[in-house]
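The values are calculated or read from the model by the stated rules, or taken from the named source; none is laboratory data. Being a predicted model, the structure only gives us computed values, none of them experimental. When we count neighbours, we look across all protein chains shown, and the Cβ atoms used for this are built from the backbone with ideal geometry, even at glycine.
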Amino acid sequence: MNTNAAKLTADIKNGDIELDNKDKQALAILLEKFTNQKNYILVQKTEMGGNEAYIGSVTLEWFAQRVHFASALPLLQQKYNPHTDNIEIDAESIDEIQQRPLDWSRQLPLAQYLASRKNHKFPPVLVVINQPWVDNPKATEWNNHAIALKSTTVFTPLDQEGNVGLLSIAEKDVTIYALDGQHRLMGVQGLMELLQTGKLQRYKKDKTPDDTCITVDDLIEQYNVQPADLQSLPKEKIGIEFICAVEKGETREQARRRVRSIFVHVNLMAAPLTKGQLAQLNEDDGFSIVARKIAVIHPLLEQREGRKPRVNWNSATVAAKSTVLTTLQALTDMSERYLGQKFPHWKPLDKGLIPIRPEDEELEKGLQEFHKLFDYLASLPSYKILEDEDTPALRRFSFEKDGGEGNMLFRPVAQVALAQALGILVFRKGFNLEDIFKKLRKFDQQGGFSGMEYPQSLWYGVLYDPNKKRVQVAGRDLAAKLLIYILGGIQDQMELAGLRKDLANARTIENKTVGFDGKFVEPKAVGLPRIIS
């Protein structure tokens, strides 16, 4: 350092360096000097709402080793469960809780994301710096009135305004806890374990071991990850923001309330994305990509001047008065349940893992198949009416204000069930779409999709809940099976017997089974409808 500084001074005197370069080189030497100090981190000081904080960056390796879960804060030790790293909630601890319980089922997917995604990124984490004296009422850092005489953060400014400087992080002096970013910490710790041991155990939410694990060999084989890239991960850096556990002038209780309040505010302000918003943004999931494209380009769904929008891009549901036909989330589900029969590898091998984006050529094939499906859907009489009538009248039940058709084709859950049934028929059972839709058009013309709220409807008790008088999502899979049946896709007698029983159970309300004529009957008297010829 001294040699560099001496050379720089000589160069400045000799005029060999331009003024801007002199400043840059001088700053570079100073930064090198200070950033190489093991027990300090270069940070920028910020202040918001009276709260001082210090922002810097650390390696993933450092983050995994030095940062602890917030639930391990000493003031919570009485109810702390070291096995799950959670607080056992009871009448005594409920007022101390500062974190939602950790969900250990997320560790493996998060670690896998970091290891397998080239463009991975975690947002900065918020951590608390604590010191041993905080939990010792007799420590000299507290005065006679139990007020802190100093802060748990030790900041040494390097500029006159005190905006940039060094934060002390010596391991013997401070302990650091993740206030916001506990699951990111969990994921990074899992990544370090995976790299060090070659494998990572999968856990259930409560940290009960599952029967499966992921290995480095799995990553290399399934995701084409290069070993050199894996070895470089520990040195990658993540943003980190430090706040103090106790500020000068605070009592311990005031400090606890402040830290807890910051946590609540951070989480309230960070509203999670809706399923629809995730479908809008997802660039890895092939089903989401195809759904987004079909929503934009297909004549049944596309935005046209003078026509009300037909796709709700954000919400997963359609309000009673809404004029949209469907939602982006429903289209994504339809895509997965239809195309998933042809492209099962678009789904990740293990639930919870991130899918691999399909090749562009395969995505194009998927889009063509899905576009063909919507061409046929648009040929259904119920959807042809859309050119002259808005969706609310077709969607509403007869007993609702202004009445309506109660047509299931205008309910997202039924749209998904139909796509699921057609996917199985076309890609698993070899049925032809043209033949299928000849039958469906006939079924539609005869009112088969309408009047869900009436006992005469096949969908009564299945997609329509007579008790709550609303659509029920729980009947989606049964609806799909019934569609497969009426289109001639079920021949096995055992399967037919099971379907007949499931339908009778669905039409049984408060121990009374409703027949297709609206009268109470014995469950075994509920038969299956005729197959569409």
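Give the residues of the range 423-449 that are more than 21 Å from ASP477 (Cα to Cα) and of a type in the set (Gly, Ala, Ser), sorted by residue number. Selection gives GLY447 alone. Mind checking whether some residue in the range 384-392 is of a type in the set (Val, Ile, Thr) and either more than 30 Å from VAL290 (Cβ to Cβ) or in contact with a Lys or Arg (Cβ under 9 Å, 6 or more places away or on another chain) (or both)? The answer is yes, given that some residue of the range 384-392 is of a type in the set (Val, Ile, Thr) and either more than 30 Å from VAL290 (Cβ to Cβ) or in contact with a Lys or Arg (Cβ under 9 Å, 6 or more places away or on another chain) (or both). Selection of the range 168-201 for residues being of a type outside the set (A, V, I, L, M, F, W, C) and under 18 Å from the mean Cα position of the chain (by Cα) yields ASP180, GLY181, GLN182, HIS183, ARG184, GLY187. Contact annotation: residue pairs with Cβ atoms under 8 Å, 6 or more positions apart or on different chains, pairing a residue in the range 153-179 that is touching a residue at least 12 places away in the same chain (Cβ under 8 Å) and within 21 Å of SER71 (Cβ to Cβ) with a partner that is part of a loop (DSSP other than H, G, I, E, B) and among the hydroxyl-bearing types (Ser, Thr, Tyr), are VAL174/THR152.
Between ALA421, ALA480, ALA497, ALA504, the distinction of being farther than 20 Å from SER322 by Cβ, surrounded by 20 or more Cβ atoms within 10 Å (Cβ to Cβ), free of Cβ contacts under 8 Å to residues at least 40 places away in the same chain and assigned by TED's automatic domain parsing to the domain that holds THR332 belongs to ALA504 only.
Note on the range 341-373: among residues that are in contact with a helix residue (DSSP H, G or I) (Cβ under 8 Å, 6 or more places away or on another chain), of a type in the set (D, E, K, R) and part of a helix (DSSP H, G or I), the one that is modelled with the lowest pLDDT is GLU362. Within the range 465-487, is even one residue closer than 23 Å to PHE437 by Cα and aromatic (Phe, Trp, Tyr)? Yes.
May I ask you to verify whether TYR113 is part of a helix (DSSP H, G or I), at pLDDT below 95 and among the hydroxyl-bearing types (Ser, Thr, Tyr)? It is true that TYR113 is part of a helix (DSSP H, G or I), at pLDDT below 95 and among the hydroxyl-bearing types (Ser, Thr, Tyr).
Table: residues versus (1) at pLDDT 90 or above; (2) assigned by TED's automatic domain parsing to the domain that holds HIS345; (3) buried (at least 20 other Cβ atoms within 10 Å of the Cβ).
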residue	(1), (2), (3)
GLU171	no, no, no
TYR177	yes, no, yes
GLY190	yes, no, yes
LEU230	yes, no, no
GLN254	no, no, no
SER261	no, no, no
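Within the range 381-405, residues that are within 15 Å of GLY447 (Cβ to Cβ) have Cβ atoms under 6 Å from residues that are among the charged types (D, E, K, R) and part of a helix (DSSP H, G or I) in these pairs: PRO381/ASP444; SER382/ASP444, counting only partners at least 6 apart in sequence or on another chain. Among the residues of the range 313-329, are any outside the structural domain of LYS204 (by TED's automatic domain parsing), assigned to a loop (DSSP other than H, G, I, E, B), surrounded by 15 or more Cβ atoms within 10 Å (Cβ to Cβ) and among the charged types (D, E, K, R)? Checked the range 313-329: no residue is outside the structural domain of LYS204 (by TED's automatic domain parsing), assigned to a loop (DSSP other than H, G, I, E, B), surrounded by 15 or more Cβ atoms within 10 Å (Cβ to Cβ) and among the charged types (D, E, K, R).
Each row is one residue, and each column tells you yes or no for (1) in a strand (DSSP E or B); (2) modelled with pLDDT of 75 or more; (3) surrounded by 15 or more Cβ atoms within 10 Å (Cβ to Cβ).
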position	(1), (2), (3)
ASN4	no, no, no
LYS7	no, no, no
LYS24	no, yes, no
THR84	no, no, yes
GLN98	no, no, yes
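Here LEU386 meets the list (1) more than 28 Å from GLY404 (Cα to Cα); (2) part of a helix (DSSP H, G or I); (3) modelled with pLDDT under 90; (4) not β-branched (Val, Ile, Thr) almost entirely, failing just condition (1). Taking the conditions (1) in contact with a helix residue (DSSP H, G or I) (Cβ under 6 Å, 6 or more places away or on another chain); (2) hydroxyl-bearing (Ser, Thr, Tyr); (3) modelled with pLDDT under 95 in turn, TYR376 satisfies each one other than (3).
Here the range 150-167 is the region considered, the condition is being polar (S, T, N, Q) and in contact with a strand residue (DSSP E or B) (Cβ under 9 Å, 6 or more places away or on another chain), and the residue that is farthest from VAL134 (Cα to Cα) is ASN163. Scanning the range 131-155 for residues that are β-branched (Val, Ile, Thr) and more than 40 Å from the chain's Cα centre (by Cα) yields THR140, ILE147. The residue list ASP211, ASP217, ASP206 contains one member that is free of Cβ contacts under 8 Å to residues at least 40 places away in the same chain and either closer than 23 Å to PRO101 by Cα or outside the structural domain of PRO124 (by TED's automatic domain parsing) (or both), which is ASP211. Do you know which residues across the range 509-522 are within 43 Å of the chain's Cα centre (by Cα), surrounded by fewer than 16 Cβ atoms within 10 Å (Cβ to Cβ) and on the phi < 0 side of the Ramachandran plot? Once the filter is applied, which keeps residues that are within 43 Å of the chain's Cα centre (by Cα), surrounded by fewer than 16 Cβ atoms within 10 Å (Cβ to Cβ) and on the phi < 0 side of the Ramachandran plot, the range 509-522 yields ILE509, LYS512. Right, LYS138: surrounded by 13 or more Cβ atoms within 10 Å (Cβ to Cβ) and among the basic types (Lys, Arg) or not? Judged against the criteria, LYS138 is not a match. From the list GLN456, GLN368, GLN415, GLN446, the one residue that fits, being surrounded by fewer than 16 Cβ atoms within 10 Å (Cβ to Cβ) and under 36 Å from the mean Cα position of the chain (by Cα), is GLN368.
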